[in-house]
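A short write-up of the structure that comes next.
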Amino acid sequence: MKNFLPALFLLLSVCQLARAAEVQVVTVALVSPSWNTGLPTAVARGAGFFKEEGLDVRPVTLSSSGPIMMALLMSGHADLVIAGAVAILRGIAQNAPVVVVSGHLNRMSYALMSAKDLKTVADLRGKTIGITGIGGMGEFTVVESLRRSGLVKDRDFTVLNIEGGPAARIAALKTGKVQAVPLTPGQRVQIENEGYPVLLDTRESLPEIPSTIIASTKDFTSSSPDKITRFLRALSRAMELIRRDKDKAIALG
C-alpha cells in the first residue's frame, strides 16, 4: 500500500503531462471586436469547447481590414483569420495561396448610418462616407450597395479612410467630418438611439454576398487538417449554443 499511492500519483502526473503535451496552439486573427466576428470564438473558449478538442486557441483582435488580415495570414503570424469575405476572395482570385475553410456569417450585417439631416440614400450625393480600411469589407459594402442604388463612388460621393475602428467612425460622424458610416448591429445601437438614421441595410441590398469567412493558407491546411477540423467542430458547438441560449452566450462572450 505504501508503494501503491506514490505510483498512483506518478501515473496521474504522467497522464496530465501527456494531455498537456497533446494541447496544440492555434492563433486566430479577428478583423473586428464586434460580436458578429468574435462571439463564436469567445463562446467556444469560455465554454471549454476548444479545450475539449485539445486546442489552445489564441485570438488576436485587430480593428482593421481584410487586406491586413491577408497580410497576417501570409506572413505566418496567424494560422486562421476570421474576416470579411471580399479581401480574402480578391486575394484568392490573384493566386494567393489561401483557402476558405468555412463560412462564418452568411449575410452582410452593415447598416449605413448617416447624419441626422439626411433622409434618403439620394441625400448622400456630394457627401463623404467614413470607412475603415481601403479595399476592405466596409468600403466594398458601401460602394456596391450605393452603386445598386444609382450612386457611384467619386462621382456622387467620396470615401474617407478612418483608422481606429467603429468608435473612430462614430466620432467622425458626430463631429461632421463625414456624413455617413457603415456599422454592424452591435455598433449602431447607441447612435441609433441618439437619433441617427439608418439610410440603408446591406442585408437587404446585398443578400447574396457572405459577410465573414474563415480562411487559412494552403500550407497550414495541408500540414494541420486535424487542427482545422477540431477548430471548426468547437466553433460549430459555440454557434449552436448561441442559437439555443443567448443569455449564456452573452455571459461567455
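Some notes on this structure:
- For the stretch 111-205, a/c is less than 1.5, where a ≥ b ≥ c are the root eigenvalues of the C-alpha gyration tensor. That puts it in the rounded class.
- Among the helices of the chain, those built from whole DSSP H runs whose Cα atoms reach 18 Å or more along their own axis and whose mean Kyte-Doolittle hydropathy is at least -1.0 are 4-22, 225-244.
- With a cut-off of 10 Å between beta carbons, the residues surrounding Phe231 carry a summed charge of 0, where Lys and Arg count +1 and Asp and Glu -1.
- The structure-derived value of Cα Rg over 2.2 N^0.38 Å appears in the list (i) 1.21; (ii) 0.97; (iii) 1.47 under the label (i).
- The chain: relative contact order as a whole-number percent, Cα under 8 Å and 6+ apart: 29
- Listed cross-link partners Lys127/Lys248; Lys127/Lys218; Lys227/Lys248; Lys153/Lys218 are compared with a 31 Å cut-off, the Cα-Cα value being larger for Lys127/Lys248; Lys127/Lys218; Lys153/Lys218.
- Nearby aspartates and glutamates by direct alpha-carbon distance to Lys51 (threshold 20 angstrom, same-chain neighbours under 8 apart not counted): Glu22, Asp79, Asp226, Glu240
- Note on the chain: antiparallel DSSP beta bridges, both residues inside, total approximately 50 percent of the bridges counted.
- With at most 15 other Cβ atoms within 10 Å, longest stretch of the chain clear of loop GluC sites (Glu not before Pro) (DSSP): 1-162
Throughout, read-outs are computed from the coordinates displayed, never taken from laboratory work. Small disclaimer: the values here were computed from a predicted structure and weren't measured. As a convention, Cβ positions derive from the backbone with ideal geometry for all residues, glycine included, and neighbour counts pool all protein chains shown.
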